[in-house]
Each structure stands twice: as structure tokens, then as C-alpha cells.
1. Taking a cut-off of 18 Å between Cα atoms, list the lysines near A:LYS15, but don't count ones fewer than 8 places away on the same chain.
2. Take a quick pass over region B:7-117 and tell me how many lysine pairs come in under 20 angstrom between Cα atoms, counting only ones 8 or more apart or on separate chains.
3. Quick one: order A:VAL295, B:VAL29, B:VAL215 by neighbouring beta-carbon count within 10 Å, fewest to most.
4. In µm²/s, what is D for region B:134-231 at 10 °C and 1.306 mPa s, where D = kT/(6 pi eta Rh) by Stokes-Einstein and Rh is the Kirkwood radius from Cα pairs?
5. Run the numbers on region A:267-400 and let me know its relative contact order in percent, using alpha-carbon pairs under 8 Å that are six or more apart.
6. Counting other beta carbons within 10 Å of each residue's own, what order do A:ARG367, A:ARG335 fall into, fewest first?
7. Evaluate the charge dipole of region B:182-257 about its Cα centre and quote only its size in Debye, nearest 20, assuming +1 on the Cβ of each Lys and Arg and -1 on the Cβ of each Asp and Glu.
8. Please list the radius of gyration and Dmax for chain B, considering alpha-carbon atoms only, with Å as the unit.
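Bear in mind these aren't lab numbers, they're just calculated from the coordinates by the rules spelled out. Here the structure is a predicted model, which means the values were calculated and not measured. Quick reminder, even Gly has a Cβ in these numbers, built from the backbone with ideal geometry, and neighbours come from all protein chains shown.
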Amino acid sequence: MQLDAHIPAGPLTEKWDRHRFELKLVNPANKRKFEIIVVGTGLAGASASASLAELGYHVKTFCIQDSPRRAHSIAAQGGINAAKNYTNEGDSIWRLFYDTVKGGDFRAREANVYRLAQLSNNIIDQCVAQGVPFARDYGGLLANRSFGGAQVARTFYARGQTGQQLLLGAYSALVRQISTGMVTLLARREMMDLVLVNGQARGIVVRNLINGVLESHAADAVVLCTGGYGNVYYLSTNAESSNVGAGFRAYRKGALFANPCFTQIHPTCIPHTGDHQSKLTLMSESLRNDGRVWVPKNGGDIRDPQDIPDKDRDYYLEQKYPSFGNLVPRDVASRAAKAQCDAGKGVGLTRCSVYLDFADAIKRDGRENIAKKYGNLFDMYELITDDSPYQKPMMIYPASHYTMGGLWVDYNLMSTIPGLFVLGEANFSDHGANRLGASALMQGLADGYFVIPYTIGGYFAGTTLAPVNTDHTAFKEATQTINDGIAKLMSINGKRTADNFARELGKIMWGYCGMSRDEQGLNKALTLIRELRAEFWQNVLVPGIDKDYNKSLEKTGRLADSLEFAEIMIHDALYRTESCGGHFREESQTEEGEAKRDDENFSCVSVWEYDGYDKAPKLHKEPLVFENVELSQRSYK
Amino acid sequence: MKKLPKRINLTLKIWRQQGSEKKGHFETVAARDISVHMSFIEMLDSVNEQLAMEGKDPIAFDNDCREGICGTCGAVVDGRAHGPQKATTLCQLHMRQFSDGDTIVVEPFRARAFKVLKDLVVDRSPLDKIMTAGGFISVNTGGAPDGNALPIAQEIAEKAMDAAACIGCGACVAACPSASAMLFVSGKISQLALLPQGKPEAARRALNIVKTMDVCGFGNCSNHRECENACPKELSIVNIARLNREFFKASFFSDET
Ligand SMILES: Cc1cc2nc3c(=O)[nH]c(=O)nc-3n(C[C@H](O)[C@H](O)[C@H](O)COP(=O)(O)OP(=O)(O)OC[C@H]3O[C@@H](n4cnc5c(N)ncnc54)[C@H](O)[C@@H]3O)c2cc1C
Ligand code: SF4
Ligand code: FES
């Protein structure tokens, strides 16, 4: 298959303007004749639904949660980037573009990233107009902070709840369109399948999560905004219902999946302490601005951290990366923590954490000032672990956090299925092999507020759509297949619950396809996953009945998808024998143990096509061309 | 170095209800071998794993983020919405708050406006309905002025943020003797009334929202302050005073009806 990203011609800085001019328009009176399905109500889905409805399209919006306001975007803490240069430090659209391409280790499309940087400024304006209470300086202007090791302060924030406030802003725009009748909201619905007619995306079948009934919905286009798949690792910073299902089912219907092995492991999370644990809570990256990371010099030093004198401590990040120190990018910090623990120097109950110490910062700035900056994070940490970071260093360890991979989309955010658009974390478009802090919120809102409203019009204006409603056989067939699948799951009546299987899958993925990967381990993982999947279909236990509120059934269905999807991640990780960003292949490192790219062979997007159950997926490649930035090796020494 | 976490045994008296049309009842369920480091939700997971293995229907409860921000979780634990710990959602309540041998009573959030759907799961969509009636500033995408065009005093922005911290969990409604949604509503009204962007629509917003609150079956505020005590985000009832002011202004001094 020839993948065409449809990147507009012309100089980088003019591509988006030119493209908007060249896209055909839908006449305002005709817009109301089109119906659009939006799946998901996070930043991407809520902003897309509202903006499309404002233009006059009829929108039907779906989400798993009981309210659109609860999508996992709500949990983002740190902030959102924009190239406003309010701080006069020399930031610009070009610099944000360059930082994002470089941060992604040169594995993203220049044109998409440049557009993202351009739109970043509009997002802030839009959110302020909606009443998002961003932090402000004494003079009443918007405050900025530096985040994730960026050299300029370009991050806008609302205390430690930026995602919440941005999502509530988008939610307010969404409910406003519900009040006008332009958006119909269907909450507590899970998309079970995508429906194609004449090869075009024309609807979905959802399961009503209250009564288990399957419902069909037809439309002229489908927009997936279903978030990331970090829960493949079971323990992650994601919410319980975050899952790959919607994307995976579209993949099975022919949409291609890009860079599935590009996952982000966040360095500062509350560590794993036992099998009862259902998630690893994120401790914001901002903590590394003041906290010092260390482990005891001697493995097995069981003294309380306060009793270990400086000479017996190893501040390994400061040692190894004198210029960036504790602020090295996420992938580098995560791998370094793993290396310490692998060397037997980890601390805590499972010996699998490192210290993040605020004692020096408290000495320097006073407890009060530290409390002002991090008080609510410290409280959250204490609530969960029963230890106070004011008295003892925090214990942290990396955890699965974000997925750069996603459904392949072109410049218009359309997948390989005509009429199926993919926005937000669910697509692969902008972050390459590693996402920078405060850039996911930016991307979700750019996609939803400012890209899809134009590009979907171009699709409608240039396409013929046959009239389709839910009586079409395609809906009947999809419903039948889903029903059969559910009946199969319910009938197995084995001995292990979905949670139990999911934990095991998570361990396999974390062990062999987590922070570092090698050929042998990946091959082993393939075997283990296949064995686990075979056992799953023999031995899973789903309590309750299917025509009911049944969380166990929901989880089992999502797990069935993950068990297949995990394998695609492994194939991708096996294929990419270079290291780049968050993807670290043991076989490809510099002498100092850093990720070593292989631009000659892997300057491309790896894109996978479904080829049937239990069959290896087919590989396609989209070459990445860099005309505006020079490829360089990242160095944080 | 930390010792192995303590494990405790508990008895749950927990509300079971098959559906909104069915009658509910309390059921006694043992929660065995619970690590004190578990959250309340993880404790329920562990009980459910047990029930599933015994061929019984697990306890239905809503949750999602498990970090106190999405507002999905919630139940009344020993008579208190979200349980005994102040400023804490159910998912952030940890089992070290309980002692070995305790009996814990667990019920859904109850209110006239919230229908019980199953066990601890309730229908809180009326809260979305209230927001649909006016919890927004009428601005379309595009054409917004520069973010710094309109300075907002830091203390005003901070107050707006305090009011905006609501997670929409509905605990305030469950805690209120009149099942009023005033604290929830006052958060949004305050946030938008404090900010200059929200002022043009303030009157219409207050009138529409209060009207919808009544229609949805929420009660009137009777100044018991139970809402404030139950709120995991510690929203202050100062916001309710602000809401009353906005409503009063709108009813008497504006042309809106
Ligand atoms: C703890 C945490 C902190 C973060 N902090 C930051 C930060 O500070 N800055 C930053 O830029 N980024 C941050 N991120 C990343 C960022 O929050 C996410 O990438 C982003 O919010 C994703 O938005 P989204 O709209 O794509 O998806 P989500 O917000 O995840 O929404 C997904 C939506 O899809 C729905 N859905 C999923 N599957 C189905 C289905 N099958 N049927 C129906 N509906 C479905 C869900 O119900 C939900 O509504 C953080 C992430 C986490 C986990
Ligand atoms: S005001 Fe408090 S208790 Fe009420 S919904 Fe909001 S967060 Fe929950
Ligand atoms: S599950 Fe999100 S607040 Fe408790």
C-alpha cells in the first residue's frame, strides 16, 4: 500500500495557510445535512464535537464514562505549551517546532509538528475566552513556567490541575452545543465496532454500559478521539477505562496502526508495592525542578534515607548529566532509574525505586515556599504512601504514561479508511518517538478546535456519500459479530478473571517491551503473549450476565483486544532495531549507553496492517523527510 | 526500611440493588486479608475478585482515574459521603483509616435527583443537565482575542480557580439533608461571575441554572453546611453566598426572565 500523507506543497511556514485555502468548503446551508460521530470526550473529542457543531454539523458524541467531563484528560497536571513568548526569552513558533521534532528524536513529520506549534497560540486565546482560570502574575497577565527541561518558560498552567481546567473549558463548549441541540450526547456507551459501507466509515455499534444492549449509529464520518493504550502494561498512570479497543477495532477493519512500540515511560510515579495495586499515580514532572534523585552507593544499604550521609549517596543523574542534571528528558531519566535498580541499588520494599529528595530544597527555600509549589503533590503522595516528603525523600519509579503510537493519519488527520478521522492521543501524528511534557494537551486541542473543522469539510466536499442508515446489512453484521464475541466470552466460565490475566500481560510487556528491549526478550514475549492468549480463551471467568451493568465483561472485552494488540507492539519493537526516544533497543546504544538512532534505515514511520487473527501484521513504511531541521544526536551531558 | 504492610480483615455491610426498578437491601460480605496500603476501591476490587471466584455477582461501583480528579467514584461510607477522611475521594481513601475487625457500612450516594442504577452506581446525569443550562461562556472557536488582552487580577484568578476545582462527584448532594446541588452549582457560577469573560451572561446563567436545578429534583439549600464537609475538593460555601447574590441580582435587576 502506498501511504500518502497529503502534505501540502510549499515552504513549511506556509503549508497550513495554503492548505486551508485549497481545501474545498462546504456551503453553510449544506453543513446541517451532514452527521458526524465523535467517539471520546477528552480534550480532543470535546473540542472537536463543540467546534464541528458550531459550524452547523450534526454531531453525536459518545463516551465510556457517565459524564463527558470525566475523560482522562482531566488528570493532566503540569500544563500546556504555547509559543507565545510572553516571557521574552526568545521563544517562537519555530523554536517550539524544533524542540518538539528534536524531543521526538526525529521520528515525527515536520509539517504536522510545525502546524501544531502554529496553532498553540490560538489554543491559549480560546481557553482564556472560555474562562479557563490559568495562573497569573501580579500584574494580571498569564504566568508561564519552564517544564520538562525546556530552555524557555512556555508552559501555561492552572495550579496542578491544568488538564482538568482545559477539559472543563472544552466540556463547557460541548454542553453549550448540547443545549442548542446540535450535539447529541450518548454517555456510558462503548464503541464495539466501526461500520464501513463502500469502504467508507459510516457508523459505529456501541454497547450501552447500563443495560448491555447494542445500539447502531450511522453517520457521514466518524472521528475517533479515544485516547492512548498505556494500560497494555496494566499498571500505568492512565485511568481504569483507558483502552486500545476503539483503535484496535478500527485497525481490524482496515485502518493502519503507526509506531505501536513508541510508548512513554514517565520517570516520576509512585512505585509498585504489591499485586493489590491497580495504578501507579503520576507525581508531576515539575518536582524534578527542585528534587534531587539518588540511590545509596551500596546496594542493600538498609539505613533510613535520612541516616545515609552524602558520601554514601549516588546522585546519579547529576553525575552522569552535569549540564541537565535532574532535568534530563523523561526517557533518559527513566532508563537511568532502571539501570540503578537493575544494578541492585534500588530502594523500598521491592528494591525497585529511587529517592527524590527535597531536603536541600527545603533548606534553601524554606518549607513554606516548597509547600507553596508542591503542597498538593506532597499531600497526594502522603495520602497514598503514608510518608511525608517533607520529612523523608519520596520514592519514585518509572511507569507507563503515554503512547506516541496510534492509528496512522495523514495531514488531514484522516486514517487509511476514508471518513475515519483520528485525533488526540489516539493518533500517532506529532510526537515521534518521545513526547515532551505539556505537549499532549496542546495536540489534543489543536486537533479538535483548529484542524478537524477544516479538514473534515474538505473530505465532505470532495466525496460522494451514498445514503446509509442503520438498516444497512453492515450494521446487522457488525452487531451479530459483537454478540457472538460476547456470548463466547460469557460461555468460557473458566477460573481466572480479566484483572488476573491483565496483570500477567502487563508484566510481560513491562519486562520485555518496556524501558528497554532486545531481540531475545521480544521473541520470548511473543511466545508468552500467544500462550497467555490461548489460555485466556479457555480459562477466563466473566461473572454476571451480559445484558446488565457489568464491569467485568467490559474489562474482559478490552483485555481480549489488548492481548492481540500487544503482539503488534512486539512486532514493531522487533522491526525497529535502532534505539530512538522511548524505544531503547539494547543492541543499539552509544558507547555511553545512550540511545543510538539509525537514520539511514529507520527514518520512517512503521505502519502495520491487520492480516487476520493469529497472523503477523503486514509492515508498510512512510519515509520521513527532513528539509528544515538537521538531524542530530540528542545529548544532555 | 519499611516493614511489610499490615493486613486486616473487615466486614462490609454493603448496598445491593439489581436495578433502578428493583428494591435494594444490605448484604454482609467479608473483606479478608486487606493490605492497609490498598485504596477503598482496591479493597472493593479484591472483594469482587473473591465474589467472582465464588460464582457470585461482583459489587457494581463506578470509578476511573483512581487519583481523586475525575469525580467518578463515590459512595457513602459509615454515613459519610466519600468516607471518614476529610478532603478525600473514595479512591484516595486508604484502608489504613480502618482497623482490623471493623464493620463498614457502604451505600450509594442517595438523592431524589440521583437514581440508583445498580448497587453503588447512581445516575448523576442531572449534574450535566444543569451545566447544559448555562455552565459556559458563549464563545465559538476562533476569533478569541489574545490571551493577555484582558488582565485579570491574580487574586480574582485564584478565587476563580478555587471555585473551578469542583470534580462534579455529587458528594455535596448526597451529604445535604435536602439533596440540594447548591455547592456544585455555586462553583461554576462563581468561577464565571468572577471572571470578566463571564460577566455579560451572568444574569441569564444564574436564572437558567437555578431553574434547571429545581426541574431536576434537587432540593433547596438549608444552610446545614454538610456539603462543605463532604466536598473532597473543599469548595467553600462562600461560593453559595456568591451564587445567591448573582441570582438575586438577576431576578431583580435584569431583564432576563
Ligand atoms: C496522569 C497524567 C498526567 C498528564 N499530564 C499532562 C500534562 O501535564 N501535559 C500534557 O500535555 N499532557 C499530559 N498528559 C497526557 C494527556 O493528558 C493526554 O495525552 C490527553 O489528555 C489525551 O486526550 P484525548 O482527548 O486524546 O484522550 P482522553 O482524554 O483519554 O479521552 C478518551 C475518551 O475516549 C473515550 N473512549 C475510549 N474508548 C472508547 C470506546 N471504545 N467507546 C467510547 N468511548 C471511548 C473515553 O470515554 C474518553 O472520553 C498526562 C496524562 C496522564 C495520564
Ligand atoms: S462541590 Fe465538591 S462535593 Fe460537590 S460535586 Fe463538586 S467536588 Fe463534589
Ligand atoms: S475514581 Fe476518579 S475521583 Fe475517584
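1. A:LYS24
2. 7
3. Ascending number of Cβ neighbours within 10 Å: B:VAL215, B:VAL29, A:VAL295.
4. 108
5. After rounding, I find 34 percent.
6. A:ARG367, A:ARG335
7. 140
8. When restricted to Cα atoms, chain B yields Rg and Dmax of 20.8, 68 Å.
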